[in-house]
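The values are calculated or read from the model by the stated rules, or taken from the named source; none is laboratory data. Model, not experiment: these values are computed from the prediction. Every residue, glycine among them, receives a Cβ derived from its backbone with ideal geometry; neighbour counts consider all protein chains shown. Note: accessible area is taken over every heavy atom of the protein model, side chains too, but ligands, DNA and RNA are not part of it. Shrake-Rupley method; radii C 1.70, N 1.55, O 1.52, S 1.80 Å.
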Amino acid sequence: MNKAAYEALCQERMHGLYRIALSILRSPADAQDAVQQAFLNAWVHRETAYPGCETGWITRILINECRNIQRHRMRVFPVETVPDRPTFQENEIGLKEAMDSLPEKLRLALLLKYMEGMTEKEAALALKISPATLKSRLFRARKALAKQLKEEAKLE
């Protein structure tokens with residue numbers, strides 16, 4: 001991959017990669033760090049990218065970097081800052097909160113497929129799973145979201 005192709009890829013994927021990192025890390029500063037480090041690692045290892053698979057390749061680099069940040073930056077919160085109960089009412093759960101409550105593997109599958117517009121093949125490559133496993137995770141994630149949103153509608 002030459003410099004122009006790399007710059008185009010970075011410009012095209014920057015916002016999407018940031019959303020993915022924010023979904024995993026849940027901290028804007030950590031998400032920015034992860035995206036920057038992913039771009040750096042992608043540049044250093046650009047010759048290992050398969051032609052046509054750059055989107056999934058750089059997404060996988062980002063996910064690995066997010067895992068590294070999670071491993072190395074364990075958060076410790078003083079007991080005073082942890083609320084006794086959730087800050088939102090049970091009947092105020094929206095789509096974002098419903099997605100946030102999903103397990104990470106289901107949330108990432110939804111995010112890559114529907115929010116980032118990746119094909120199933122690209123998303124499966126980025127998550128290092130088979131396309132069949134991705135389809136299964138998407139099905140379970142949609143089913144869990146539908147259940148949570150139906151429960152919310154009943155409460156209103």
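Restricting the stretch 6-29 to residues that are in a helix (DSSP H, G or I) and among the basic types (Lys, Arg), the residue that is farthest from the chain's Cα centre (by Cα) is Arg13. Take the residues in the stretch 47-84 that are within 30 Å of Lys3 (Cα to Cα) and open to solvent by 70 Å² or more (accessible area, probe 1.4 Å); name whichever of them is modelled with the lowest pLDDT. Here the answer is Tyr50. Within the stretch 131-145, is even one residue open to solvent by 80 Å² or more (accessible area, probe 1.4 Å), under 18 Å from Arg67 (Cβ atoms) and not hydroxyl-bearing (Ser, Thr, Tyr)? No, the stretch 131-145 contains no residue that is open to solvent by 80 Å² or more (accessible area, probe 1.4 Å), under 18 Å from Arg67 (Cβ atoms) and not hydroxyl-bearing (Ser, Thr, Tyr).
When you look at Gln32, is it farther than 24 Å from Leu110 by Cβ, part of a helix (DSSP H, G or I) and at pLDDT 90 or above, yes or no? No, not satisfied.
Within the stretch 4-18, which residues are modelled with pLDDT of 85 or more, surrounded by fewer than 16 Cβ atoms within 10 Å (Cβ to Cβ) and either farther than 28 Å from Leu110 by Cβ or not hydrophobic (A, V, I, L, M, F, W, C) (or both)?
Ala4, Glu7, Gln11, Glu12, His15, listed by residue number.
Only one entry in Lys154, Lys96, Lys150, Lys105 is at pLDDT 90 or above and either open to solvent by 50 Å² or more (accessible area, probe 1.4 Å) or under 20 Å from Phe39 (Cα atoms) (or both), namely Lys105.
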